[in-house]
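Engineer: Please see the structure below; I have some questions.
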């Protein structure tokens, strides 16, 4: 599992406009970070992922795909996706 995750992260890091990523567990512990993604961001990224799941539950959505949260930080847009065991945040250049 760890090998396949490393392979995915390496491919992600090589995508155009991707400037960094952060992987955190559900306790807010940073598992991996690269590029412009600061490891100390794992706390707020975890809290946003938790809030997105609560919002989906409040809306009584039948959607099976985990919610995607995007945060505009000016120079970067951070896409946050909760997954089963981890939370993934991808920092991309803001195009607009």
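Engineer: Pop a pseudo-label 7 angstrom from the Cα along the beta-carbon direction at both residue 57 and residue 95 and give the gap in nm to one decimal.
Structural biologist: Reported label-point gap for residue 57 and residue 95 is 3.5 nm.
Engineer: Related question: Say we join alpha carbon atoms closer than 10 Å with springs in a Gaussian network model of the chain; which of 75, 64, 17 then has the biggest fluctuation?
Structural biologist: 64
Engineer: Helix 2-13 sits at what angle to the longest principal axis of the chain, using alpha carbons and giving 0 to 90 degrees rounded to 10?
Structural biologist: The two axes meet at around 70 degrees.
Engineer: Follow-up. Which order do the peptides 87-94, 36-43, 8-15 take when ranked by the mean count of other beta-carbon atoms within 10 Å per residue, highest first?
Structural biologist: Top of the packing list down: 87-94, 36-43, 8-15.
Engineer: Stokes-Einstein at 20 °C, 1.002 mPa s, Kirkwood radius from Cα pairs: D for the chain in µm² s⁻¹?
Structural biologist: In µm²/s, the coefficient is 156.
Engineer: For labels at residue 72 and residue 32 in the simple 7 Å Cα→Cβ model, what's the distance in nm?
Structural biologist: That separation, rounded to one decimal, is 3.0 nm.
Engineer: Find the relative contact order for the stretch 2-93 and round it to a whole percent, using C-alpha pairs within less than 8 Å whose residues are 6+ positions apart.
Structural biologist: This gives 29 percent for the stretch 2-93.
Read-outs: derived from the displayed coordinates by stated rules, not from any lab. Note that the coordinates shown come from a computational prediction; the quantities given were computed from them, not determined experimentally. Cβ atoms come from the backbone with ideal geometry, glycine included; neighbour counts cover every protein chain shown.
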